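J.: Next up is a structure, given as structure tokens.
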Ligand SMILES: [Cu+2]
């Protein structure tokens, strides 16, 4: 086997090994389109997350992640940390007051609900 063939075989094996994808959902508090952008951005910044979508009506974040490299519990924990850090409550984990207060007024889901 020459080097090129070896590299191709290695790459193929890597792709196969990392092909696993799992989807999970978590409840994330928020109000509007800006919240959506903020939440999705924070979730997407977490290693292993391949896709993230937040439904502003249901307040549910759907995350698609690589289950070959990331366990679900650890991943949800990382996503929770990233999102609470930008001011949004995740399930029973409250965002720090300081982070919440840094949100624009329209996004303050604890004080008022708005879906502008
Ligand atoms: Cu908002």
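J.: For the stretch 47-66, which positions are within 15 Å of the ligand (Cβ to nearest atom) and touching a residue at least 40 places away in the same chain (Cβ under 8 Å)?
T.: Across the stretch 47-66, the qualifying residues are 56, 57.
J.: If the requirement is being in contact with a helix residue (DSSP H, G or I) (Cβ under 8 Å, 6 or more places away or on another chain) and at pLDDT below 95, which of these qualifies: 116, 88, 112?
T.: Exactly one of 116, 88, 112 is in contact with a helix residue (DSSP H, G or I) (Cβ under 8 Å, 6 or more places away or on another chain) and at pLDDT below 95, namely 116.
J.: Next question, about the same structure. Every residue in the stretch 32-46 that is assigned to a helix (DSSP H, G or I) and either within 13 Å of the ligand (Cβ to nearest atom) or touching a helix residue (DSSP H, G or I) at 6+ places or on another chain (Cβ under 7 Å) (or both), please.
T.: 33, 34, 35, 36, 37, 38, 39, 40, 41, 42, 43
J.: Could you please give the count of residues in the stretch 27-49 that are surrounded by fewer than 18 Cβ atoms within 10 Å (Cβ to Cβ) and within 17 Å of residue 94 (Cα to Cα)?
T.: Result for the stretch 27-49: 1.
J.: Please determine, by comparing only the residues of the stretch 50-78 that are surrounded by 20 or more Cβ atoms within 10 Å (Cβ to Cβ) and in contact with a helix residue (DSSP H, G or I) (Cβ under 9 Å, 6 or more places away or on another chain), which one is nearest to residue 104 (Cα to Cα).
T.: Looking at the filtered set, the residue picked out is 54.
J.: Check off (1) under 17 Å from residue 25 (Cα atoms); (2) within 14 Å of the ligand (Cβ to nearest atom); (3) without any contact (Cβ under 8 Å) to a residue 40 or more places away in the chain for residue 83 and give me the number that stays unchecked.
T.: Among (1) under 17 Å from residue 25 (Cα atoms); (2) within 14 Å of the ligand (Cβ to nearest atom); (3) without any contact (Cβ under 8 Å) to a residue 40 or more places away in the chain, residue 83 violates only (3).
J.: Follow-up. How many of the residues in the stretch 87-116 are assigned to a loop (DSSP other than H, G, I, E, B) and surrounded by 18 or more Cβ atoms within 10 Å (Cβ to Cβ)?
T.: Matching residues across the stretch 87-116 total 6.
J.: Something else now. Identify all residues within the stretch 47-65 that are in contact with a strand residue (DSSP E or B) (Cβ under 8 Å, 6 or more places away or on another chain) and part of a loop (DSSP other than H, G, I, E, B); write none if there are none.
T.: 48, 59 - these are the residues of the stretch 47-65 that are in contact with a strand residue (DSSP E or B) (Cβ under 8 Å, 6 or more places away or on another chain) and part of a loop (DSSP other than H, G, I, E, B).
J.: Kindly list, by first and then second residue, each pair from a residue in the stretch 98-113 that is over 14 Å from residue 38 (Cβ atoms) to a residue that is in a loop (DSSP other than H, G, I, E, B) and within 8 Å of the ligand (Cβ to nearest atom), limited to pairs with Cβ atoms under 7 Å and residues at least 6 apart or on different chains.
T.: As it stands, the answer is 113/31, since those pairs meet every condition given.
The values are calculated or read from the model by the stated rules, or taken from the named source; none is laboratory data. Just so it is clear, the structure is predicted and the values come from calculations on it, not from any experiment. Please note: Cβ atoms are built from the backbone with ideal geometry, for glycine as well, and neighbour counts cover all protein chains shown.
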